[in-house]
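First up is the structure itself, then whatever we jot down about it.
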Amino acid sequence: MSDRSPRYPRISLADAIPLALKLFDGEGRSPMTEEVAVKHWGYKGVNGTSNKVLSALRKYGLLDDVKGGVKVSTDAIAIAAHRDDRFNPDYGAAVSRCAHRVELFATLGKEFGLNASEQNLAAQLVKRGFSQDGALKAARAYRATMELVGGGGGGYIPPDDEQHGEEASMQQMPSILDRPPSSIQRPPMVQEKFDLEEGPVTFAVPSVLSPESYKDLADRVEIFLRGLKRRSDAEAKLKE
């Protein structure tokens, strides 16, 4: 394998989904030029940075190429439709498909699940041809993506006709880390319970979170509360 880092999305799926939602909110199902797409994200035009973001959304299958530009994919539309109900099976299935569509992530998920640390994953990726910086970024993107789908990458095996290129050849390598899930020491859960006029509310989270997981949790709670507010506001208008 060459010294360059094999291809992988330069951002996690957790970061890519809000960008796809911006395109859907701004353009719906309509095709758009790449220039229009990146301007929805605050870029002035297509350049090295914005092109990497476009590439990442393509790799996850959130963007489809069309004549003269791009449009949001069927999976992106499904995610947008159920953004306020993340327990909806259609939402979960679409997110899972996007995560598993990246062959490098499927390979790592098959071998590691979420058992390996970011540092361990990065070290193993360096052995497989990544640069030091590329290995660390790929490990972070992988962990954030698989945490989004609850670690579902561990059992995913892509069909033979989906495997090609450098990442596919990695799947023929023996597993480097062989640690059974039962050996993983997980932190205890903590719960917060309180009552509202409409009924009880319960939060249950691990007592210790990594900085990345804390940020993910804060973002998801914020999105959940925004959706709850929209439903509450809609209900209040109906009663007026």
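The values are calculated or read from the model by the stated rules, or taken from the named source; none is laboratory data. Small disclaimer: the values here were computed from a predicted structure and weren't measured. Neighbour counts are summed over all protein chains in view; Cβ atoms, including those assigned to glycine, are modelled from backbone coordinates with ideal geometry.
Matching residues to (1) modelled with pLDDT under 95; (2) under 24 Å from Glu103 (Cβ atoms):
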site: Val36; (1), (2): no, no
site: Lys39; (1), (2): no, no
site: Tyr43; (1), (2): yes, no
site: Val46; (1), (2): yes, no
site: Lys52; (1), (2): yes, yes
site: Leu57; (1), (2): no, yes
site: Gly68; (1), (2): yes, no
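Restricting attention to region 27-60, the residues that are in contact (Cβ under 8 Å) with a residue 12 or more places away in the chain, among the hydroxyl-bearing types (Ser, Thr, Tyr) and in contact with a helix residue (DSSP H, G or I) (Cβ under 6 Å, 6 or more places away or on another chain) add up to 2. In the set (1) closer than 22 Å to Val53 by Cβ; (2) modelled with pLDDT of 70 or more, the condition left unmet by Glu167 is number (2). When we screen Leu13, Leu19 for residues that are under 29 Å from Arg231 (Cα atoms) and in contact with a Cys (Cβ under 7 Å, 6 or more places away or on another chain), the only hit is Leu13. Taken across region 98-112, residues that are of a type in the set (A, V, I, L, M) and assigned to a strand (DSSP E or B) do not occur at all.
Checking each residue in region 52-72 for being over 13 Å from Leu13 (Cβ atoms) and hydroxyl-bearing (Ser, Thr, Tyr) picks out only Ser55. What tally of residues in region 79-109 results from selecting those that are more than 24 Å from Ala139 (Cβ to Cβ), of a type in the set (A, V, I, L, M, F, W, C) and crowded, with 18+ Cβ neighbours inside 10 Å? Total satisfying the criteria: 3.
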